[in-house]
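Only one structure is covered here, and it is reproduced in the block below.
The values are calculated or read from the model by the stated rules, or taken from the named source; none is laboratory data. Values in this document were obtained by computation on a predicted structure and should not be read as measured data. Cβ sites come from the backbone with ideal geometry, for glycine too, and all protein chains shown count toward neighbours.
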Amino acid sequence: MARYLEAKCRLCRREGEKLYLKGEKCYTAKCAMEKRPYPPGQHGQRRSRLTDYALQLREKQKIGLFTTDNTQWWLTIDLTKFDGRWGGEVAAAKYTNYLNPKNAVVYLNKINMGKLLQAGRLRKIAPNEQPEVRVELIEPFWEQENNTAERIDL
């Protein structure tokens, strides 16, 4: 099996978040993500910019960011009870059956948010907290069907 022998901090910078591959160094001010929080390479400092419409729509649909202590919480939740849908890494994990997601996107209406928060034991992310599991709740951008019995859920 091949090993990655190049700079490990490059992987963190490419992902845009700390992956803690260098151990103690990642917790100090010497971490590459602290010094250079942009992707590596010649064109890393260029900004990839979203349109104003995309930013406005994203903020309008966002319900909130949440976290939980249980990293496998998404395996026990049945979103059909809350009339919601999976998105992002969790949807891909349910489709492929071999991924281990850390970030989840859930599309559901605000009226069902309280029930999901209680069932999944989700809580708001504190301002300075770096959670292991991030759950983003988003208002659906498509028209919801009234008959959920015929719907196929991943």
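What the table below lists for this structure:
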item	result
Candidate set: the range 32-86, residues that are in a helix (DSSP H, G or I) and in contact (Cβ under 8 Å) with a residue 60 or more places away in the chain; chosen: the one nearest to Trp142 (Cα to Cα)	Gln61
Within the range 89-120, tally of residues that are surrounded by 13 or more Cβ atoms within 10 Å (Cβ to Cβ) and closer than 14 Å to Leu79 by Cα	16
Residue in the range 18-59 that is modelled with the highest pLDDT, counting only those that are under 30 Å from Leu108 (Cβ atoms) and surrounded by 10 or more Cβ atoms within 10 Å (Cβ to Cβ)	Gln56
Residues of the range 1-17 that turn out to be at pLDDT below 75 and outside any helix (DSSP H, G or I), as a count	8
Residue match in the range 26-45 (condition: within 19 Å of Pro131 (Cα to Cα), out of contact with any Asp or Glu (no Cβ under 9 Å at 6 or more places or on another chain) and of a type in the set (A, V, I, L, M))	no
Selection count where residues are β-branched (Val, Ile, Thr), modelled with pLDDT of 85 or more and surrounded by fewer than 16 Cβ atoms within 10 Å (Cβ to Cβ), scope the range 121-154	0
